[in-house]
1. Can you name every residue in the stretch 48-60 that is farther than 16 Å from Leu81 by Cα and either open to solvent by 100 Å² or more (accessible area, probe 1.4 Å) or hydrophobic (A, V, I, L, M, F, W, C) (or both)?
2. Check whether at least one residue in the stretch 103-125 is open to solvent by less than 60 Å² (accessible area, probe 1.4 Å), part of a loop (DSSP other than H, G, I, E, B), touching a residue at least 12 places away in the same chain (Cβ under 8 Å) and not small (Gly, Ala, Ser), and report yes or no.
3. Please enumerate the residues belonging to the stretch 11-40 that are hydrophobic (A, V, I, L, M, F, W, C) and not in a helix (DSSP H, G or I).
4. Given (1) within 24 Å of Thr123 (Cα to Cα); (2) in contact with a Pro (Cβ under 9 Å, 6 or more places away or on another chain), where does Thr47 come up short, assuming only one miss?
5. Out of Thr135, Thr181, which single residue is surrounded by 18 or more Cβ atoms within 10 Å (Cβ to Cβ) and in contact (Cβ under 8 Å) with a residue 24 or more places away in the chain?
6. Could you please find all residues in the stretch 187-222 being modelled with pLDDT of 90 or more, outside any loop (DSSP other than H, G, I, E, B) and among the small types (Gly, Ala, Ser)?
7. Considering the stretch 41-50 alone, what residues qualify as being touching a residue at least 40 places away in the same chain (Cβ under 8 Å) and part of a helix (DSSP H, G or I)?
Amino acid sequence: MTVPVIGAGGGARGEVELADGVFGVEVSEGAIYHAIRNELANRRVGTASTKSRGQVRGTNRKPWRQKGTGRARAGDVKSPLWTGGGVIFGPKPRSYRYRLPRKAKRTAMRSILTQKAREQRITVVDGLDADSGKTRDLARQLEPITGAARCVWLLDAPAPMLVRAARNIPWLRMRACHTVTAHDLYYAERVLLTRAAADRLAQLLGEQREAAAEQAGGNGEEA
């Protein structure tokens, strides 16, 4: 797949070929769903906690005698049926984390990138810089390209000054190619790449990487 390269101010700077093994695959909606669900579950803190009737503070004395009052039987004021009593089967602190197979994660990432490419929401940029580290300098270069739409910019290498300039732009997220999540990509209106980042994604998510991971897994090794 061939996409145009855009420079600062929105000017064209040629074209670049994106790897079909990453940006032109069959889309798996199931893999996308499970990848995003896994990421959101792993973010959950799981600190919700309630007290059972045995943990609620209060007396164990029977509030009134069993018979002869005309009222319903009551054992103690900590009953779940009473206001201020315990909670039946309430939540307790727990971990919501679970592991998704590596192959499913890569399939999801390729599917999302393919969707974005088909919808023409992937932009390869060149010549954009923020050596000053100032937000206004970077925003001035990006607005003609993105129109202040929600964006994810994928980096292939550390860029401290670029990240510093981007952190105060509310509609822009800077992510490394190897740490970007399916959630970030799926909900971005536009994905920005450099030529090097596109090559890095092809290296990380391409079929050769997948084959190597499967071979290492068959030998009992971690890819």
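1. From the stretch 48-60, those farther than 16 Å from Leu81 by Cα are 48-49; that's our starting set.
Across the stretch 48-60, the qualifying residue is only Ala48.
2. Let us first name the residues in the stretch 103-125 that are open to solvent by less than 60 Å² (accessible area, probe 1.4 Å), namely 104, 106-117, 122-125.
Checking which are part of a loop (DSSP other than H, G, I, E, B) leaves us with none.
Looking for residues that are open to solvent by less than 60 Å² (accessible area, probe 1.4 Å), part of a loop (DSSP other than H, G, I, E, B), touching a residue at least 12 places away in the same chain (Cβ under 8 Å) and not small (Gly, Ala, Ser), one finds none in the stretch 103-125, hence no.
3. Kept after step one, since they are hydrophobic (A, V, I, L, M, F, W, C), are these residues of the stretch 11-40: 12, 16, 18-19, 22-23, 25, 27, 31-32, 35-36, 40.
Within the stretch 11-40, Ala12, Val16, Leu18, Ala19, Val25, Val27 meet the criteria.
4. Thr47 satisfies every listed condition except (1).
5. Working: Thr135 fails: surrounded by 18 or more Cβ atoms within 10 Å (Cβ to Cβ).
Exactly one of Thr135, Thr181 is surrounded by 18 or more Cβ atoms within 10 Å (Cβ to Cβ) and in contact (Cβ under 8 Å) with a residue 24 or more places away in the chain, namely Thr181.
6. Ala196, Ala197, Ala198, Ala202
7. Residues of the stretch 41-50 that are touching a residue at least 40 places away in the same chain (Cβ under 8 Å), as a first pass: 41-42, 44, 46-50.
Matches in the stretch 41-50: Ala41, Asn42.
Here's the yes/no breakdown for (1) among the β-branched types (Val, Ile, Thr); (2) at pLDDT below 95:
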| site | (1), (2) |
| --- | --- |
| Gly10 | no, yes |
| Arg13 | no, yes |
| Val16 | yes, yes |
| Glu29 | no, no |
| Ala41 | no, no |
| Tyr98 | no, no |
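The values are calculated or read from the model by the stated rules, or taken from the named source; none is laboratory data. Everything numeric here is computed off the predicted structure, so don't read it as measured data. Please note: Cβ atoms are built from the backbone with ideal geometry, for glycine as well, and neighbour counts cover all protein chains shown. Note: areas computed on protein heavy atoms with side chains; ligands, DNA, RNA excluded. Shrake-Rupley method; radii C 1.70, N 1.55, O 1.52, S 1.80 Å.
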